[in-house]
Amino acid sequence: MEANAEISGVAVIDNRIIAGGRREMERGFLSQISLGDGEILSSVELSTPVIAPPVLSENSVITTCRIDGQTGNLRSFDYEETERWSHRVAGTLPAPPAIHQSVVYGGSRKGEIFALEESDGDVRWERTLGDEQTEGAVSAPPTVDETGVYIPLSSSAAQGIYSLSPTDGTTKWKIEGPRILSILARTDDVLLVSYPSYDVAAFDIRTGERRWSTSLAEKEVSPPAVSDGIIVVADETTLYGLEAETGEERWSITCDPDTAYQPVIAGPTVLIQSENSLICCSVEDGEQLWTSDHSSGIPIVPFENGLLFSPAPNTLAAYSSYQE
């Protein structure tokens, strides 16, 4: 990438990398890069910086942008880099939205929750959580399925976990109290949650009833990831594999993970970042397969038979296999 370009996030579709970021003077860019050889295929200049990884569907590239310190917007492009629509939000956007069945779901730091038509950006529904004194703060991307839109809300008297109807945004259930700061994960009929104080918990997606909780050794806990009945989660010293049905520990390895990043499931392996390296382990038993001295400046993105990461600022690297 160019010297004055700072990559905020990447995504992969087919044989292309979609990269978004910002330039000097608080402008942005959206670029398409060949996955095969790293050649920049095209790039469009934006008036607002891109602050999160692009979210992709078959037809859309959704960028999360910052207008100023109080306002954000989503901008939708097609793969010819033609802008289709823009949606302005009161309050900055802390994380990218989610796309599910041609609807874009997102939330802002002022507790504004919205569902937009992917095709034209029209508002399907919107609502605000919190109140005028405290406001809500959506702290991570929504997790969405046919059953609900799951929202972690912090910095508010209304903080907790909310399950909203995908159809109209009404509250199906809520768990008041916990201040959840990271993305939630869905598996089978439970919602997996990492608390910012030792615990991982599972809740019934239909009722919000707690199924189980497991305490880890250290206070800071990463977002959970899940594959084939195994939850992979990290605290400040250890990477764990937990049974999804019970929360019981299946395996653990000491590797000083960076809890700011969600473990990345890539085929039969899981990748986790530490301060100075990438670590690859077996999801099944935690066997450490390899480590790399590089540390990614953006979240790792797996693709078919490979992975993409940033070993240094302004740099992307693609590996052709999950196992070195």
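The values are calculated or read from the model by the stated rules, or taken from the named source; none is laboratory data. Nothing here was measured: the structure is a model prediction, and the numbers come from that model. Here Cβ is always computed from backbone atoms with ideal geometry, including for glycine, and neighbour counts include all displayed protein chains. All accessible areas refer to the heavy atoms of the entire protein, side chains included, with ligands and DNA or RNA removed. Shrake-Rupley method; radii C 1.70, N 1.55, O 1.52, S 1.80 Å.
Within region 215-271, the only residue that satisfies the criterion of being among the charged types (D, E, K, R) and open to solvent by less than 30 Å² (accessible area, probe 1.4 Å) is 235. Hey, can you tell me all the residues within region 293-319 that are open to solvent by 10 Å² or more (accessible area, probe 1.4 Å), in contact (Cβ under 8 Å) with a residue 24 or more places away in the chain and assigned to a strand (DSSP E or B)? Result: 301, 302, 303, 318. If you go through region 80-92 and keep only what is hydroxyl-bearing (Ser, Thr, Tyr) and either open to solvent by 40 Å² or more (accessible area, probe 1.4 Å) or modelled with pLDDT of 95 or more (or both), you end up with 82, 86. When the residues of region 172-213 are filtered to those that are touching a Leu at 6+ places or on another chain (Cβ under 6 Å) and at pLDDT 90 or above, the one that is nearest to residue 269 (Cα to Cα) is 185.
Filtering region 18-55 to residues that are in a strand (DSSP E or B) and out of contact with any Phe, Trp or Tyr (no Cβ under 9 Å at 6 or more places or on another chain) leaves 27, 28, 29, 31, 33, 34, 40, 41, 42, 55.
Quick check: anything in region 67-76 assigned to a loop (DSSP other than H, G, I, E, B), out of contact with any helix residue (DSSP H, G or I) (no Cβ under 6 Å at 6 or more places or on another chain) and hydroxyl-bearing (Ser, Thr, Tyr)? Looking for residues that are assigned to a loop (DSSP other than H, G, I, E, B), out of contact with any helix residue (DSSP H, G or I) (no Cβ under 6 Å at 6 or more places or on another chain) and hydroxyl-bearing (Ser, Thr, Tyr), one finds none in region 67-76, hence no. Just one of the listed residues (56, 74) is surrounded by fewer than 18 Cβ atoms within 10 Å (Cβ to Cβ), modelled with pLDDT of 95 or more and among the aliphatic types (A, V, I, L, M), and it is 56. Quick check: anything in region 287-307 over 19 Å from residue 236 (Cβ atoms), hydrophobic (A, V, I, L, M, F, W, C) and over 19 Å from the mean Cα position of the chain (by Cα)? There is at least one residue in region 287-307 that is over 19 Å from residue 236 (Cβ atoms), hydrophobic (A, V, I, L, M, F, W, C) and over 19 Å from the mean Cα position of the chain (by Cα). Could you check region 93-120 and list, in sequence order, the residues that are over 22 Å from residue 262 (Cα atoms), open to solvent by 20 Å² or more (accessible area, probe 1.4 Å) and not in a strand (DSSP E or B)? Within region 93-120, 101, 102, 110, 119, 120 qualify. Being in contact with an Asp or Glu (Cβ under 8 Å, 6 or more places away or on another chain), of a type outside the set (Phe, Trp, Tyr), under 29 Å from residue 164 (Cα atoms) and in a loop (DSSP other than H, G, I, E, B) is a description that applies to residue 259.
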